[in-house]
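Right, one structure below, let's go through it.
Laboratory data are not the source of any read-out in this text; all were calculated from the coordinates shown. As the structure is a computational prediction, the values presented were derived from the model and not from experiment. Positions of Cβ are generated from backbone atoms using ideal geometry, with glycine treated the same way; all protein chains shown enter the neighbour counts.
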């Protein structure tokens, strides 16, 4: 996702200095004129705005707050933008650490996956100071389609937790519905024609339903990442004294997917785990049950 997003910024006329823990992932950007930096700190030393999008909160902490992190090289008045789905509390911590050095910080997690990143149609959820967010409007527009300011630091991450809760619960419904149709002997592509455009329709059903039917579990979003995200939601809900039994079930189901060796599969692999629990050998399009 990061390479696509940076590519859109370069196409909009911005120069880029890039760092990746795996340099090969940055080769396409370097071929287009981006400059390589050896550390996140070196990126910040050459940049007015630093964007980060990594895997886990520990990675965010390392690349932004670590000894060789971006904050160490950020000049007063520059901006750190973290687009990783991460902990709201960490977003607040980064904001406070940045402010202490005269640096601005924005939490800007995204939704839309690799397709949204490639097509510049991401939904970007923004938390931070209004003035800072507004000053970066041309950059948001280069990467996304739905750009909404949510409130102070941490608000973007909290909004992404709402997003992930909706996705996880909805995916359970999609998988169970397809399993029902499969067990009933229905032709699932034909079923999708009937249910996909009505009140039961959803992004997951339209975009991931056909992949499930075709046994295509290539990742648009990794199972191990949804497990991480749901863990954050549950942690935050406990902190707020909020009871979320549906989400807890979804998190356990995705833990089961991961434990079956499918952590690097797409989230639609949930149907395989649920099928196994039901004693079904999921074959998708090939019904014959």
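What the table below lists for this structure:
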| item | result |
| --- | --- |
| Ranked 56, 243, 221, criterion: other C-beta atoms within 10 Å, fewest first | 243, 56, 221 |
| Fewest-first ranking of 43, 162, using other Cβ atoms within 10 Å as the exposure measure | 162, 43 |
| Theoretical gain in end-to-end length, residue 100 to residue 68 [0.36 nm per residue, Cα-Cα removed] | 9.8 nm |
| Packing rank of 77-86, 172-181, where each peptide gets the mean count of other beta carbons within 10 Å, highest leading | 77-86, 172-181 |
| Efficiency of FRET between residue 259 and residue 58 - r from beta-carbon atoms, R0 25 angstrom, step 0.05 | 0.75 |
| Degrees, to the nearest 10: 203-213 long Cα axis against longest axis of the chain | 60 |
| Sequence ranges 104-111, 135-142, ranked by mean other-Cβ count within 10 angstrom, highest first | 104-111, 135-142 |
| Helix 223-240 axis, angle to the chain major axis (alpha carbon atoms, nearest 10°) | 80 |
| Sorted by Cβ density within 10 Å, fewest first, the residues 53, 124 | 53, 124 |
| Sum of -39500 (n - 2.57) over DSSP H runs of 4+, divided by residues of the chain (222 nm, nearest 500) | -15000 deg cm²/dmol |
| Acute angle (nearest 10 degrees) that the helix 88-99 long axis makes with the longest principal axis of the chain, alpha-carbon atoms | 10 |
| Nitroxide proxy distance, nm - points 7 Å out along Cα→Cβ at residue 131 and residue 235 | 3.2 |
| Residue 23/residue 243 FRET efficiency (R0 45 Å; Cβ-Cβ; nearest 0.05) | 0.50 |
| Centre separation in Å (Cα based) which lies between segment 109-163 and segment 221-289 | 26 |
